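The values are calculated or read from the model by the stated rules, or taken from the named source; none is laboratory data. As the structure is a computational prediction, the values presented were derived from the model and not from experiment. Quick reminder, even Gly has a Cβ in these numbers, built from the backbone with ideal geometry, and neighbours come from all protein chains shown.
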């Protein structure tokens, strides 16, 4: 069995309408929120959107500061996802290598088992019967 290179692609199991919506907050997002931070997923929740509508920035300087903070958060999230992507790709490659090795081992074992069974059968047929 040879190793196959897999390209990143959206999961086929996702509902197409879900791809157009922001991701729901996951465990990491929730932990970031508990520590006073924010993520795109947290900012996209209904509660955060309603809060932003009720508390708009009072002036342009405040809005610029808010956008600068959001931009910094986005950069941190991007860096995190870039780091984790490398680890995920390595895990996928290592797992594929292990699967290929196991497949090869099973093919080899099956061939040896078949040969041993055939040798036994031939030896039993050739042995004198009592």
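What the table shows:
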quantity: Flag for residue 74 being within 23 Å of the chain's Cα centre (by Cα), surrounded by 10 or more Cβ atoms within 10 Å (Cβ to Cβ) and closer than 22 Å to residue 24 by Cα; calculated: yes
quantity: Residue, surrounded by the most Cβ atoms within 10 Å (Cβ to Cβ), within the range 25-47, restricted to residues that are touching a helix residue (DSSP H, G or I) at 6+ places or on another chain (Cβ under 6 Å) and assigned to a helix (DSSP H, G or I); calculated: 29
quantity: Contacts under 6 angstrom Cβ, first residue in the range 47-61 being at negative phi and modelled with pLDDT under 70, partner assigned to a helix (DSSP H, G or I) and surrounded by 10 or more Cβ atoms within 10 Å (Cβ to Cβ), 6 or more apart; calculated: 57/63; 57/66
quantity: Any hit, the range 71-90, residues being farther than 27 Å from residue 37 by Cβ and in a helix (DSSP H, G or I); calculated: yes
quantity: From the options 100, 94, 114, residue that is at pLDDT 95 or above, surrounded by 11 or more Cβ atoms within 10 Å (Cβ to Cβ) and either out of contact with any strand residue (DSSP E or B) (no Cβ under 6 Å at 6 or more places or on another chain) or within 30 Å of residue 43 (Cβ to Cβ) (or both); calculated: 100
